[in-house]
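**Q** The structure under discussion is supplied below as structure tokens; questions concerning it will follow.
The values are calculated or read from the model by the stated rules, or taken from the named source; none is laboratory data. On a predicted model such as this, the values are computed, not experimentally measured, just so you know. Ligands, DNA and RNA are stripped out before the accessible areas are found, and what is left, the full protein with its side chains, is counted by its heavy atoms. Shrake-Rupley method; radii C 1.70, N 1.55, O 1.52, S 1.80 Å.
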Amino acid sequence: MPAAAAAMSRRAPLAVTAVLTVLLVLTTPAPPRAEAALSCSTVYNTLMPCLPYVQSGGTVARACCSGIQRLFSGASTTPDRRAICTCLKDVAAGAAGGPYISRAAGLPGRCGVPLPYKLSPNMNCNSYVADTNTQSLSQIN
């Protein structure tokens with residue numbers, strides 16, 4: 001057996017072991033970590049299909065309603081719910097005084113998503129908590 005072939009046969013098990021180790025590391029689930037609250041960019045991107053309705057009225061797109069439903073059903077923690085509220089409050093502050101705010105405020109109702117607050121620049125987002133038993137949002141009095 002030539003020297004090169006002998007060296008190659010000795011390295012083959014090492015290469016296989018290295019590949020298997022990498023695959024094992026890549027397929028092993030990471031330990032659970034504390035999730036950060038949703039970002040405003042996530043909220044805005046999810047609600048982007050609602051923009052034509054908010055700007056012009058008319059028919060609410062199905063993608064808008066499914067985005068609203070997905071956003072609120074997926075936000076099961078108090079920090080997530082408060083983050084959504086804060087993002088919406090910021091949008092409301094920028095749209096205050098025009099027809100946009102009233103159209104935007106009516107979207108959850110048009111889409112069948114009950115919210116305990118009306119979209120406005122004056123919402124107190126720290127007064128809302130997620131009720132994990134009912135997957136709903138409650139206001140602290």
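**Q** Given a 1.4 angstrom probe, I'd like the percentage of the accessible area of region 40-111 that is carbon and sulfur, rounded to a whole number. List each step's numbers first, then the result.
**A** Numbers: 2020 of 3620 Å².
Carbon-and-sulfur percentage of accessible area, whole number: 56.
**Q** Can you work out the accessible area per residue across region 40-111, with the rest of the protein chains kept in place, probe 1.4 Å, in square angstrom?
**A** Working: 3620 Å² over 72 residues.
That works out to 50 Å² for each residue.
**Q** Okay, next question. Can you pull the accessible area of Ser76 for me, 1.4 Å probe, Å² to the nearest 10?
**A** 40
**Q** For Cys87, Cys65, give me the order by solvent-accessible area with a 1.4 Å probe, most accessible first, ignoring ligands, DNA and RNA.
**A** Values: Cys87 0, Cys65 25 Å².
Accessible-area ranking of Cys87, Cys65, largest first: Cys65, Cys87.
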